[in-house]
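The structure appears below as structure tokens.
The values are calculated or read from the model by the stated rules, or taken from the named source; none is laboratory data. What you see is a predicted model; the values in this text were computed from it and never measured. All Cβ positions, even for glycine, are placed from backbone atoms using ideal geometry, and neighbour counts span all protein chains on display.
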Amino acid sequence: MARIETPKRIRGTQDIFGDEQRRFAHVLDTFDRVRRLYCFQRLEIPIFEATGVFARSMGETSDVVSKEMYTFEDRGGDSLTLRPEFTAGIARAYITEGWQQYAPLKLATSGPTFRYERPQKGRFRQFHQIDAEIIGAAEPAADVELLVLADQLLHELGIAEGVTLQLNTLGDAETRDAWRTALVAHFLKHKEMLSEDSQTRLIKNPMRILDSKDPRDRPIADSAPDIDAYLTEEAAAFFKAVTDGLDAAGVKWTRNSRLVRGLDYYRHTAFEFVTDRLGAQGTVLAGGRYDGLIGSLGGTETPGVGWAAGVERLAMLIEEPVAERIEVYVVVEDDHAQHDGVRATAALRRAGFVVALLASGSPRKRFDKAVKANPKSLLSLGFADGSTTTRLKVFDGEGSPIEAVLADLGWS
């Protein structure tokens, strides 16, 4: 008989369980609670889109599109791609579903995303993101709202200490064009000294040279012209309104004039929350304003701003959440009381209690086993004189609302 090969987990994926799952769930639960405070509506979008949605939104020459996307042809011959991020899919939905009538829209979502890259600490090929967007609001107040939301999320997760908000402006279209021209002229003077990647970027995406980590590029990037010399009055006023809003909300920030976004549809605010607690992969949340994105996808020109954060990275930073404690352990100490055990468990759960039922194994050991689980209360069911007897032990304080449930069952 042929030996059946044991299946293996695909490289770059993960099975989330136990302590790790509790951290993961804590991030999602906290995000959901905080987004409600800011009146962000939850939405769900498909896990895959037409490949063109991501190619146009992220740039044909970007590393994500050219090297990292999971793209396949379906049976109908259409090219589809598993989402590498959320924003493009949300922008597509805004266009195709006619959501313009609801603008401005404050939206939040979460779920798995996919990129084919080298797995490392906090980075997977199937990973998970939380995402928040405001579409249809051109005012700097929208940028402030999103940044304050992100800041509160990090505080409520208990990981804000040691995380820094780095902020920059990319200006308006006029600013960006002038700065890009100046950058190209600067980098051309030093072209032979640049790394191979940056020489390629000089042609395709020169702004990305500014955030190169290659030691050969750093002196050239550090001496490049600063965007402030090219800001229009309108762009400077927009950035000041954002920083003034953050100051008013009590959100600390620092300027990083080398923080960029390479694609032309990005405007004004760009930001990252960074930490040194994750090694080389120090960004825990990042985003910016993308006023030109929806227009580039074929929709009416519509402003937008948003951010995303990796759930795994956030989970790595938080303290381990306490495992949920069982509120009531129902112990069937006599097998004749099995049905009453099921009856009591169902009634208590309907009343809102977290309940575990222990009705298997050695009847003599069940009570001791339940006590070791450290529940708040323990309900023991025995059997005597042809009827079920109850024994309620409350470990936390005197009295218990469980007694009311027992009374409804006709037990005292």
Worksheet item: So Pro112 clears everything in (1) part of a strand (DSSP E or B); (2) crowded, with 18+ Cβ neighbours inside 10 Å except one condition, right? Which one?
Response: (2)
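Can you tell me which of Pro321, Pro375 is buried (at least 22 other Cβ atoms within 10 Å of the Cβ) and within 30 Å of Gly158 (Cβ to Cβ)? Steps first, answer last, please.
Details: Pro321 fails: buried (at least 22 other Cβ atoms within 10 Å of the Cβ).
Every option except Pro375 fails the conditions.
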Worksheet item: Between residues in the range 195-214 that are in a loop (DSSP other than H, G, I, E, B) and residues that are at pLDDT below 80, which pairs lie under 6 Å by C-beta distance while being six or more apart or on different chains?
Response: Asn205/Gly262
Fill in: Those residues of the range 344-400 which are outside any helix (DSSP H, G or I), over 38 Å from the mean Cα position of the chain (by Cα) and of a type in the set (Gly, Ala, Ser), in sequence order
Ala359, Ser360, Gly361, Ser362, Ser380, Gly382, Ala384, Gly386, Ser387, Gly397, Gly399, Ser400
Discussion item. I'd like the residue in the range 166-188 that is among the β-branched types (Val, Ile, Thr) and within 33 Å of the chain's Cα centre (by Cα) and, out of all such residues, is modelled with the lowest pLDDT.
Written reply: Thr175
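Can we say Ala315 is of a type in the set (Gly, Ala, Ser) and without any contact (Cβ under 8 Å) to a residue 60 or more places away in the chain? Give the steps one after another, and end with the answer.
Values: of a type in the set (Gly, Ala, Ser): yes; without any contact (Cβ under 8 Å) to a residue 60 or more places away in the chain: no.
Considered against the rule, which asks whether it is of a type in the set (Gly, Ala, Ser) and without any contact (Cβ under 8 Å) to a residue 60 or more places away in the chain, Ala315 comes out as no.
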Worksheet item: From the residues in the range 207-243 that are among the acidic types (Asp, Glu) and surrounded by fewer than 20 Cβ atoms within 10 Å (Cβ to Cβ), which one is farthest from Ala270 (Cα to Cα)?
Response: Asp214
Worksheet, complete the sentence: If we keep only residues of the range 69-121 that are without any contact (Cβ under 8 Å) to a residue 40 or more places away in the chain and hydroxyl-bearing (Ser, Thr, Tyr), then the residue farthest from Thr51 (Cα to Cα) is Tyr102
Item to complete: Answer yes or no: is there a residue in the range 98-114 that is touching a Pro at 6+ places or on another chain (Cβ under 6 Å) and over 25 Å from Arg208 (Cα atoms).
Response: no
Worksheet item: Does Arg343 count as without any contact (Cβ under 8 Å) to a residue 60 or more places away in the chain, more than 30 Å from Leu157 (Cα to Cα), among the basic types (Lys, Arg) and not assigned by TED's automatic domain parsing to the domain that holds Phe24?
Response: no
Response to the item:
Of those in the range 150-206 that are among the charged types (D, E, K, R) and farther than 24 Å from Val305 by Cβ, the residue surrounded by the most Cβ atoms within 10 Å (Cβ to Cβ) is Arg201
Worksheet, complete the sentence: Note: among Ala221, Ala249, just one is within 26 Å of Thr164 (Cα to Cα) and modelled with pLDDT of 90 or more, namely Ala249
